[in-house]
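We did not get these values from a lab; they are worked out from the coordinates using the rules stated. It should be emphasised that the depicted structure is a prediction, and the values quoted were computed from it without experimental measurement. Backbone-built Cβ (ideal geometry, glycine too); neighbour counts: all protein chains shown.
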Amino acid sequence: MTSGTWSNSIPGVGTFFVGIDVAPGRYRCDEGKGGWWVRFTGPGGGDPVGSWPLPAGPAEIEISPGDFAFETHVSTYWRRIAPPRAPEDGVGELRPVADPSLRAELDTIVARRRPLVWLAPLTVFGLGLAGTPLLGSLWLLGLAMLAVLVAMGSPALSLDLQRARELDRRRDRYLTPEDFDEDGRELLRRVQGAVDTVRDSEVNREGLLDSVDNAVELPRQEWEIAQVLARQSKLRDEHDDTPELPEVEAALRPLRAKLELSVEAVTRRIEALERYADRAKSADRALRAHRHLEALAERAHEYDELLADTVRDDLAIPAIERLTAQSEELVADLRHRLEEATEASGELPPPKG
């Protein structure tokens, strides 16, 4: 499995963990002829669904936040064309959350072992040569064909399996929806909704929030908050399993109070993230209005010419001045909203020392 940080594209061949290697959303490849894909849905990817063979021409796939992994084999690559579809009930699916440094670490391990993978077909062929004097040329021919098959199929498969094994060894470095109770899932849903809003905003995609490195900051915020929510969920589950005895309840009371303080603190952090998302949405609206006004301004001369041809010049001048004033006001409003979004991002906690 090959991957780096989240981006808006997926290589054509490989297996990718959703929420760790790739972001959920709608993807499109320009040529899928003869290729195939599999979405591993359900808990742990136990309910795979796929399509094979793909017809000639473009293909599209919706990778859900609840998917475990996505496997693909096409001649081109997939590019993200839209965020995940909003569910009809308005309640989004949760995606796994990973330590932001985990993807690069897995890539490094796989890259280190890549040369060993390519030794497999050479080993098979070497056995063929060694056995030829005893077993004849047909033995060599058969193993040569096997070596070709191994060379074609084993590298990608072996690297995928290796990455999966390494990921399993680092179970403390990522969290799945099953790691949270209902309260924790509800708060995590708010976190991921805010993160997706900022990441998919026009002002972020176009780099207008240039003082904020959201590609780094948003995954860090999501991971740190998710860790706290998972710990809170675990403690609540332990409290629920405790016998209902007066002495036990008395001992649990101060612990529950501390847990509530922790919930209140992380909720304030989530609210700061939501304020940042709201500012990004507000800046998006101002940006769209600004662009519409720019488009109108480009055609303003047509109206000016029409006005000059039909009424006195002293009526045309105020119309031009009003359009100019509106443009200046909207530019100022856009700058103000971008400043507000940047200030809201400053409320988020800094990296842990």
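With Cα atoms defining each centre, the stretch 40-62 and the stretch 250-273 are spaced 41 Å apart in the structure. Each residue of the stretch 173-187 was assigned a 3J(HN,Hα) from its phi angle through the Karplus expression (A = 6.51, B = -1.76, C = 1.60, θ = phi - 60°), giving 9, 8, 10, 10, x, 5, 7, 10, 7, 4, 5, x, 5, 5, 5 Hz with x at Gly and Pro.
Across the stretch 17-27, rounded Karplus estimates of 3J(HN,Hα) from the backbone phi angles (6.51 cos²θ - 1.76 cosθ + 1.60, θ = phi - 60°) give 7, 6, x, 10, 9, 9, 8, x, x, 9, 10 Hz, Gly and Pro being marked x.
By the count of neighbouring beta-carbon atoms within 10 Å, fewest first, 70, 180 end up ordered 180, 70. What FRET efficiency comes out for the pair residue 299/residue 245, r = Cβ-Cβ distance, R0 = 56 Å, nearest 0.05? After rounding to 0.05, the efficiency reads 0.10. Of all lysines in the structure, the ones whose alpha carbon falls short of 28 Å from that of residue 234, not counting any fewer than 8 places away in one chain, are 258, 352.
Under 14 Å from a label point 7 Å along Cα→Cβ of residue 231: give me every residue in the stretch 255-279 with its amide N that close. The answer is 258-267, whose backbone nitrogens lie closer than 14 Å to the label point. Put simply, the amide H of residue 78, placed in the peptide plane, has neighbours under 5 Å in 10, 12, leaving out anything fewer than 5 places away on its chain. Evaluated at q = 0.21, 0.36 Å⁻¹, the base-10 log of the normalised Debye intensity for the stretch 167-206, with identical point scatterers placed on the Cα atoms, takes the values -0.75, -1.08.
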